[in-house]
Each structure stands twice: as C-alpha cells, then as structure tokens.
Amino acid sequence: MAGHSLLEVFLFAVLVAACMWLDLHAHSKDKPVSARDASLWTAAWVALAFAFAAYIGWNDGADKAQLFIAGYLLEESLSVDNLFVMMAIFSSFAIRDQYQHRVLYYGILGAVVMRLIFVAAGSSIIALFGPYALAGFGVFVLWTAWKMFRSMGKQQEEDIDYAKHWAVRWTQRFIPVHPQLHGHDFFVRTGEGGKGAGWKATPLFLCLVVIEISDIMFAFDSVPAVIAITSDPFLVYTSNIFAIMGLRSMFFLLAAAKRYLKHLEKSVVAVLAFIGVKMLLDVAGAFHISAMASLSVVAGLLAAGILASVFSGRGGGDMRS
C-alpha cells in the first residue's frame with residue numbers, strides 16, 4: 001500500500017468492518033431480505049464508495065480519486081455476471097431465501113481475503129487456470145438455467161434430501177457430509193457415538209464453498225482489468241471490495257423483486273443462458289462480448305420481465321415488505 005497513509009488504510013478497514021458488523025446484526029434472523037432493506041444497503045454501499053473516493057481526492061489528489069472511481073465502476077460492471085451465477089448456485093442447491101444472506105455474508109469474508117491475495121499476486125498467475133475454470137462455470141450456468149426453466153411454477157419442497165446432489169456425492173469422498181440442511185448451520189454434529197458420529201458439513205456449507213469459488217473465478221477477469229487502469233494496489237483492492245459489497249446487496253434487491261414480479265424469473269433464466277453462452281464463446285475465442293454490451297443485454301432482459309409482470313397485472317405482493 002505504498003504511497004498511501006496509514007490513516008487511509010485504517011479508515012477503509014474500519015468502514016468495511018463496521019458496515020459488515022451492522023449488516024450481520026441487521027439480518028441476524030433467518031428471513032428473506034426485503035426489497036426495502038436491499039435497496040437501503042445498496043444505496044449505502046454506493047454512497048460509501050463515492051465518499052471514500054472524495055476522501056482520496058482530498059488527501060491524494062483528483063487523479064487518484066478518478067482512478068478509484070474508474071476501477072470501482074469497471075469492477076461493478078464486470079461482476080454483474082457473478083450476481084446471476086450466485087443466483088444459479090442457490091437454485092442448484094435449492095437454498096431457501098431466508099438462508100441466502102448468511103451464505104453471502106460469510107462469502108464476503110472469504111472474498112475480502114482472496115481479493116487481497118489476487119491483488120498482491122498481480123496478473124502474472126491469474127491467467128493460468130482462468131479460461132478452463134470459466135468454461136466449467138459457463139456449462140454450470142447453462143445447466144442451471146435449464147433446471148430453473150423446468151422448475152418454474154413448481155412448489156419448492158420444505159425438506160430436501162441432498163444425498164444424490166452432485167456436490168454432496170463429490171465432497172463426501174473427502175469429508176463427512178450431512179445429506180440435509182440443518183437450519184442455517186454450516187456444520188452439524190450427528191450421533192452420540194459409534195459409526196457415523198461426529199461433525200459433518202451441511203449442504204449450506206457446500207453452497208458457501210461454491211459461491212466462494214465463483215468469486216475467485218470472476219476475479220481472474222476483473223482484477224487484471226482494474227490493474228490495467230491503475231497499478232496502485234491500494235486503489236485496486238479498495239475499489240474491488242466496495243464493488244463486490246455493493247453487488248452482494250444488489251443480489252438481494254433482485255431476489256426480492258423476483259419474489260413479487262412473477263415474470264422476472266423468466267428473464268433471469270434468459271440472463272443465465274446468455275451469460276453461460278457468453279462465457280463459453282469468450283473462452284473459445286469465437287466472439288467477445290464487451291462489458292457494456294453485456295450490461296445492455298442484461299438490463300434489457302430484466303426490464304422486459306419487470307414490464308411483463310406489471311402490465312400482466314400478476315405482479316402481486318408489495319415490494320416494500
């Protein structure tokens with residue numbers, strides 16, 4: 001963090017830690033995040049990012065502030081795909097709305113550490129496994145889009161047996177896995193003694209791991225892109241963290257909207273299919289879709305779903321709840 005004062009580093013750390021503490025206590029109960037809360041938190045993170053940019057401008061000059069804002073906006077735009085991949089992962093694990101905040105909260109803690117490692121490493125090792133991993137995620141997103149399309153309109157089961165889930169079958173080769181959710185717990189102790197007793201990971205923990213892997217995969221693209229704007233590691237890291245914090249809040253805004261706007265789920269399926277195809281085309285080198293074009297397609301598809309819900313008169317619910 002050469003070139004920046006300890007006060008700047010301390011201020012950034014205090015801001016992030018304080019907001020994460022408030023976020024955890026504001027959503028300590030297992031219930032879906034409302035659209036109102038998601039909107040307030042999204043606005044708060046955006047406001048904090050620009051307030052921090054103003055402080056950098058006052059302390060280090062307007063050029064540094066402009067570089068921070070450019071990195072922040074680029075990271076937000078490049079990470080929009082990750083927002084929908086997170087939705088695909090939750091759908092794949094059938095994680096109910098009331099547990100999603102807990103998964104993403106602890107996912108953020110991991111992202112804070114992993115992004116620091118990526119920024120410290122620079123872009124030299126990032127491209128090593130990136131294309132292959134992104135291709136795998138592209139196939140995963142397409143598969144999830146198909147599953148979501150087939151399950152639209154069906155009632156979600158309260159108790160799901162994960163014994164045959166792909167993540168459970170693969171993971172239990174290495175660590176003990178409990179085949180069912182156990183509230184919001186990541187680990188559960190089963191049995192008092194004998195065979196099969198002891199601590200086991202729940203499907204919620206496996207979902208957290210996949211969420212964390214998805215963030216790492218998207219860092220393969222976004223971190224080098226921001227490094228291309230500025231080589232200042234402090235600006236790269238802080239713009240990354242503010243962006244992914246705001247994006248996680250936006251996830252709940254979209255999830256809340258999907259609960260009330262009945263046709264928005266169709267748009268999400270279309271967005272997932274688009275993102276999956278885009279990933280595979282990019283890895284294959286057949287065709288590159290720019291971040292701006294991608295944002296335009298995503299925004300257009302979501303707008304179509306919102307308008308269809310509103311004009312069909314079947315939106316239902318109250319977005320303020």
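Proximity of backbone amide H atoms, modeled 1.01 Å from N, is registered between Leu181 and Ile160 at under 5 Å, excluding neighbours fewer than 5 places apart on the same chain.
Among Lys29/Lys266; Lys147/Lys262; Lys31/Lys258, which pairs are too far apart, with a Cα-Cα distance over 19 Å? In this structure, Lys29/Lys266 lie more than 19 Å apart at Cα.
Scoring 98-104, 83-89 by mean Cβ neighbours within 10 Å over their residues and listing the highest first yields 83-89, 98-104.
Ellipsoid semi-axes for region 23-112, based on the Cα gyration tensor and the rule √(5λ), read 30, 16, 11 Å when sorted largest first. With a simple spin-label model that places each label point 7 Å from the Cα along the Cα-to-Cβ direction, the separation between Lys29 and Ala286 comes to 4.9 nm. From least to most packed, judged by other beta carbons within 10 angstrom and beginning with the fewest, Thr238, Thr230 follow the order Thr230, Thr238. Along region 44-49 the Karplus relation, 6.51 cos²θ - 1.76 cosθ + 1.60 evaluated at θ = phi - 60°, assigns HN-Hα couplings of 5, 5, 5, 4, 5, 4 Hz to successive residues, with x for each Gly and Pro. Place a point 7 Å from Cα of Arg150 in the direction of its Cβ. Which residues in region 241-283 have their backbone N less than 20 Å from it? Answer for region 241-283: 265-277. Towards the positive end of the charge dipole of region 197-268, with charges on Cβ (+1 Lys, Arg; -1 Asp, Glu), say which of Phe218, Tyr237, Phe252 has the farthest Cα. Farthest towards the positive end: Phe252. Take the Cα of Trp58, step 7 Å toward its Cβ, do the same at Leu6, and the gap between the two points is 2.1 nm.
Charge tally for Leu83 (other residues, Cβ to Cβ under 13 Å; Lys, Arg +1; Asp, Glu -1): -2.
Since every read-out is calculated from the coordinates, none of them should be taken as a lab result. Values in this document were obtained by computation on a predicted structure and should not be read as measured data. With ideal geometry, Cβ positions are generated from the backbone for all residues, glycine too; neighbour counts draw on all protein chains shown.
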